[in-house]
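Notes follow once the structure below has been shown.
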Amino acid sequence: MTNWNDRISPVVKSVPPSGIRKFFDIASEMEDVISLGVGEPDFVTPWSIRESCVYGLEQGYTSYTANRGLMELREEICFMHKRRFDLDYDPKTDVLVTVGVSEALDIAMRTILSPGDEILIPEPCYVSYKACATLAGGIPVPVPAKAENDFRITPDDLEPHVSPKTKALLIGYPNNPTGAILSKEDLEAIARFAVKHDLIVISDEIYGDLTYGDTKHVCFAGLPEMKDRTILLNGFSKAYAMTGWRIGYALSNPDIIAAMTKIHQYTMLCAPITAQIAAVEALRHGEKYMRKMVSEYDKRRRLIYDGLQKAGLKCFEPKGAFYIFPDITSTGLSSEEFAEKILMQEHVALVPGNAFGECGEGFVRCSYATSIEQISEALARIEHFVNHL
Amino acid sequence: MRELLELLKHDARRPAKELASMLNISEYEVEEKMAKLEKDKIILSYNTLINWDKTGENTVTSIIEVNLTPQREVGFDAIAERIYRFDEVRTVYLMSGNFDLLVIIEGKSMQDVANFVATRLATIEGVTQTRSHFLLKPYKKDGIIIEDKEKDRRLVMSI
């Protein structure tokens, strides 16, 4: 009998399956599960954005677009970066509209990594980073961020992992899963590090609009001399509650964008026109809805931060994204044991921290992109769980 | 203060403990602030939005455009007061445009409301004309969609 598994490429085999499969299957069967394990907004896309897409369909916008995306969308993306970060990108040469940041991440890696090239990836981080680097033929080099630094990454953390093969650095802040952000000073230190080692920096800023309190997001490409060195990735999924639309973009120098466009045109052709039309509306008129959602997340953030501490779990105050990353070592359980036990006993779904890298062990990720009522109930269940171990 | 009001506007029954967490202040401060807002008549009441259609109780709502002859010294205010003092009258607004007051009346039946308009409202001195519109079906009220079919369609977990 044919062993089909033998026919699968060793590179694909080397990539681990999703770290939440087991929990997902159990949680899906439960009736009264409260999920803090969801990595997307609980809001539906604002109506004006949905309506613009419906209108576009009625008008017959159903064709391919330019490979790089609709010109009006590229222009809006550039206007926004000019307005918010004083960055000058040329819509003709410096922008590529992609099928979510996921595609942008994949083709950015494939564009810059040659076999054996190393890319520094601070952990804990989004699960695709390492996998995309591997699939692109590169070697992901995980760099643990320290819990005592609130999971901020510093040149001191990065330096020991640099080798002659290091070609790039990937940063994803505000961070999934920790909720950590990097301040302007932190980023400036990383910029100096990138210059020192002549690295390309992929900056995934998908959660950039989701920062709280006095914290303002600093765009890495906006730092002096970083624009050309950076492949800036962003999209609409998180800030505009548009995950299912699959729409994002990459901004960089014309050479890198042209090279990324080559892969994109042969593999994807273009992002869906429906999502591109909706994204234009999001950039033109969506900011007020986005701000409202952010202020909602902020209230939930404070509620869950307070509640987890009262439940006896140590955690640092997240400043961005919509995740909180409590330390569960006081319970004596591993991340997976904690996630499994609390799911079985209390019907609360959350994601074990080690799904985001080895240094996430001892933590769990809770998403607060869910209603206040659900968060309150989840907090009561977590407190009950922790007190009855 | 604005944040507290926004939270209460959405759900007035939120426990002080929760509000305190969300606003990053103590429970005592929440209670103190709320007491002050009530005393200053910034918070006037804590209402419940009810979908009466589902209760089987019959209520009829009528929206009435009222034209007035304004009076010396008091303008529209005195007549408005004579109108809003009636229990049947739920809402009164002074309006710009083709009519002066927008009056919302609730009654048990159309007959009930019609009777009120004919005998009480239209006969007030200074009221020159009324045009009644009966409300057929509420779709959205005070920011709440009455029968919202949208639900959480997300996968139970995702990374």
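The values are calculated or read from the model by the stated rules, or taken from the named source; none is laboratory data. What you see is a predicted model; the values in this text were computed from it and never measured. All Cβ positions, even for glycine, are placed from backbone atoms using ideal geometry, and neighbour counts span all protein chains on display.
Restricting attention to the stretch A:277-301, and to residues there that are away from chain B (no Cβ under 14 Å) and touching a Leu at 6+ places or on another chain (Cβ under 7 Å), which single residue is surrounded by the most Cβ atoms within 10 Å (Cβ to Cβ)? In this case the residue turns out to be A:Ala279. Per the listing A:Glu185, A:Glu205, A:Glu225, the residue uniquely acidic (Asp, Glu) and under 21 Å from the mean Cα position of the chain (by Cα) is A:Glu205. Could you tell me which of the residues A:Ala271, A:Ala241, A:Ala278, A:Ala250 is outside any helix (DSSP H, G or I), touching a Lys or Arg at 6+ places or on another chain (Cβ under 8 Å) and in contact (Cβ under 8 Å) with a residue 12 or more places away in the chain? Answer to the check: A:Ala271.
Residues of the stretch A:357-375 that are part of a helix (DSSP H, G or I) and within 14 Å of another protein chain (Cβ to nearest Cβ): A:Gly360, A:Ile372, A:Glu373, A:Gln374, A:Ile375. Considered as a group, the residues in the stretch A:302-356 that are within 20 Å of the chain's Cα centre (by Cα) and more than 17 Å from A:Gly37 (Cβ to Cβ) include one that is farthest from the other protein chains (Cβ to nearest Cβ), and that residue is A:Gly320. For A:Ile256, the test of being in contact (Cβ under 8 Å) with a residue 40 or more places away in the chain and either in contact with a Phe, Trp or Tyr (Cβ under 7 Å, 6 or more places away or on another chain) or crowded, with 21+ Cβ neighbours inside 10 Å (or both) is passed. A:Val38 meets the stated requirement of being surrounded by 19 or more Cβ atoms within 10 Å (Cβ to Cβ), of a type in the set (Val, Ile, Thr) and within 14 Å of another protein chain (Cβ to nearest Cβ). Taking the stretch A:106-129 as the range and being within 14 Å of another protein chain (Cβ to nearest Cβ) and among the aliphatic types (A, V, I, L, M) as the test, only A:Val127 passes.
A quick yes/no check of all residues on (1) at pLDDT below 95; (2) more than 23 Å from A:Val38 (Cβ to Cβ); (3) of a type in the set (Gly, Ala, Ser); (4) buried (at least 23 other Cβ atoms within 10 Å of the Cβ):
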position: A:Tyr126; (1), (2), (3), (4): no, no, no, yes
position: A:Pro140; (1), (2), (3), (4): no, yes, no, no
position: A:Val143; (1), (2), (3), (4): no, yes, no, no
position: A:Gly208; (1), (2), (3), (4): no, no, yes, yes
position: A:Leu223; (1), (2), (3), (4): no, yes, no, no
position: A:Lys238; (1), (2), (3), (4): no, no, no, yes
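In this structure, A:Ile190 does not satisfy being under 14 Å from the mean Cα position of the chain (by Cα), modelled with pLDDT of 95 or more and surrounded by 18 or more Cβ atoms within 10 Å (Cβ to Cβ). In the stretch B:1-45, the qualifying residues are those that are more than 12 Å from every other protein chain (Cβ to nearest Cβ) and in a loop (DSSP other than H, G, I, E, B), and the one that is nearest to A:Glu317 (Cα to Cα) is B:Met1.
Within the stretch B:62-113, the set of residues being buried (at least 18 other Cβ atoms within 10 Å of the Cβ) and small (Gly, Ala, Ser) comprises B:Ser62, B:Ala80, B:Gly107.
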